[in-house]
């Protein structure tokens, strides 16, 4: 939101490894539960806890079941890390808690816990700071401790009455709050967007550590695409949505054989450069990621889970079809994308509960457009123009998940966001930014104003739009 200017964000704040299906409804509450456990430990009362109750408000209550909020909180209370926790163990872990009515807090102390009683969905109550709110209450021997947290999008969590984070106090060599700041720094130094980001990242860690971390982000994206393109069947949740990435992959490859990701890319490249062929592959990449996301698998928030497929799809398009198969080029792409995400988070929002789907798919498309443009040789001004074009044509996009699940229309929207990003890049590359009528800062401001004016029903509540006009049980068409 606009009041978040002056916040100093890293590439690893925008890109986080986690578990689907939602960064705000799954990863955020998971992290909130972890923070609550740390709060109890800091007060030296963890061993005295006899009961924990979780209160979910607003959007977390209305679509929390479909988004796995209850599951995420329980896993967080157990002390598991979403970056490393075995996704195949989720079902059995939750089943054991539900059956036994006990939970092992931080794997240290076992207490009685009945999810159907101790997790309360307050669907008609919202807290004023943010629609995604939850309160955790622990009963201890002589008293009770409660803390409210807000999951503000992209896996970011803010505790009520929390002091500003250390990130906000850090002096970066190139402080950036908006695109004008970014462009000024690029012009002053002669560096591209990714170069400015890399200089700022050096405030927190060495260049080698930053690059290794960025490649880990890419490897997680890569593995997610490959896995998702080879798993069929239906998605969980009861909508009976059929996974399509595998069948599309098989149709496009026509029986070609391969043993791993590298060989898979070679076979994809061998199919040529026809427009329709490339278009189908970009869609396949995006579908693969978000089908994995909907299946509680491991993804990268980019900048959110609901929009996790856009940037990997465009990045893999760049790698396979635009000679981008080089680690340095991949690092530059991700660094550039991250700065655009930072600008939107500071000047508007990346939370669908605050801004609708324009805050997720729109932002991810804008990030991908700028990254692709600079990667293909565009100037910083052209990259910012590409980002503006991508977001301009997502303004007003609502969030209306059918059945409260991150499936319909969310999965297909990732394919649309990826294609719009590529188109925006092409337009910017063939244009003179001097003639642009709309700046990126103007579109960020407009997006935030649109978010404020948007009816709350269209902000991840499943109270309007497709969510009420599509019968639960129908497959996505």
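Kindly establish whether residue 221 is under 27 Å from residue 64 (Cβ atoms) and touching a residue at least 24 places away in the same chain (Cβ under 8 Å).
On the way: under 27 Å from residue 64 (Cβ atoms): yes; touching a residue at least 24 places away in the same chain (Cβ under 8 Å): yes.
Criteria met by residue 221.
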Checklist entry - Tell me, which helices (runs of 4 or more DSSP H) lie completely within the range 308-412 with 3 or more residues that are surrounded by fewer than 24 Cβ atoms within 10 Å (Cβ to Cβ) and within 14 Å of the chain's Cα centre (by Cα)? => result none
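Residues are listed down the side, and each one gets a yes or a no for (1) farther than 21 Å from residue 196 by Cβ; (2) out of contact with any helix residue (DSSP H, G or I) (no Cβ under 7 Å at 6 or more places or on another chain):
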{"residue": "256", "(1), (2)": "yes, no"}
{"residue": "267", "(1), (2)": "yes, no"}
{"residue": "274", "(1), (2)": "yes, yes"}
{"residue": "306", "(1), (2)": "yes, no"}
{"residue": "315", "(1), (2)": "no, no"}
{"residue": "326", "(1), (2)": "no, yes"}
{"residue": "355", "(1), (2)": "yes, no"}
{"residue": "358", "(1), (2)": "yes, no"}
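Restricting to the range 189-199, and then to whatever is part of a helix (DSSP H, G or I) and in contact (Cβ under 8 Å) with a residue 60 or more places away in the chain, can you tell me which residue is surrounded by the fewest Cβ atoms within 10 Å (Cβ to Cβ)? Give the derivation first.
Looking only at the range 189-199, we keep the residues that are part of a helix (DSSP H, G or I), and these are 189, 193-199.
Next, only the ones that are in contact (Cβ under 8 Å) with a residue 60 or more places away in the chain stay: 193-194, 196-198.
Values: 193: 30, 194: 26, 196: 25, 197: 27, 198: 19.
Of everything passing the filter in the range 189-199, 198 is surrounded by the fewest Cβ atoms within 10 Å (Cβ to Cβ).
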Next on the checklist: Condition first: surrounded by 15 or more Cβ atoms within 10 Å (Cβ to Cβ) and not in a helix (DSSP H, G or I). Can you find one or more residues in the range 204-223 that meet it?
Outcome noted: yes
Checklist entry - Given the residues 172, 235, which is the only one that is within 29 Å of residue 67 (Cα to Cα), touching a helix residue (DSSP H, G or I) at 6+ places or on another chain (Cβ under 8 Å) and modelled with pLDDT of 95 or more? => result 235
Checklist entry - Quick check, is residue 262 assigned by TED's automatic domain parsing to the domain that holds residue 336, under 30 Å from residue 443 (Cα atoms) and at pLDDT 95 or above? => result no
Checklist entry - Somewhere in the range 32-54, is a residue buried (at least 24 other Cβ atoms within 10 Å of the Cβ), at pLDDT below 95 and touching a helix residue (DSSP H, G or I) at 6+ places or on another chain (Cβ under 9 Å)? => result no
Item to check | Residue selected from the range 56-70 under the condition within 18 Å of the chain's Cα centre (by Cα) and assigned to a helix (DSSP H, G or I), by the criterion surrounded by the fewest Cβ atoms within 10 Å (Cβ to Cβ) | outcome: 66
Item to check | Cβ pairs under 7 Å, 6+ apart, first in the range 341-362 and in contact (Cβ under 8 Å) with a residue 60 or more places away in the chain and at positive phi, second in a helix (DSSP H, G or I) and surrounded by fewer than 24 Cβ atoms within 10 Å (Cβ to Cβ) | outcome: 356/451; 356/458
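The values are calculated or read from the model by the stated rules, or taken from the named source; none is laboratory data. Quick caveat, the model's predicted, so the values are computed rather than measured. Note that we place each Cβ from the backbone using ideal geometry, even for glycine, and neighbour counts take in every protein chain shown.
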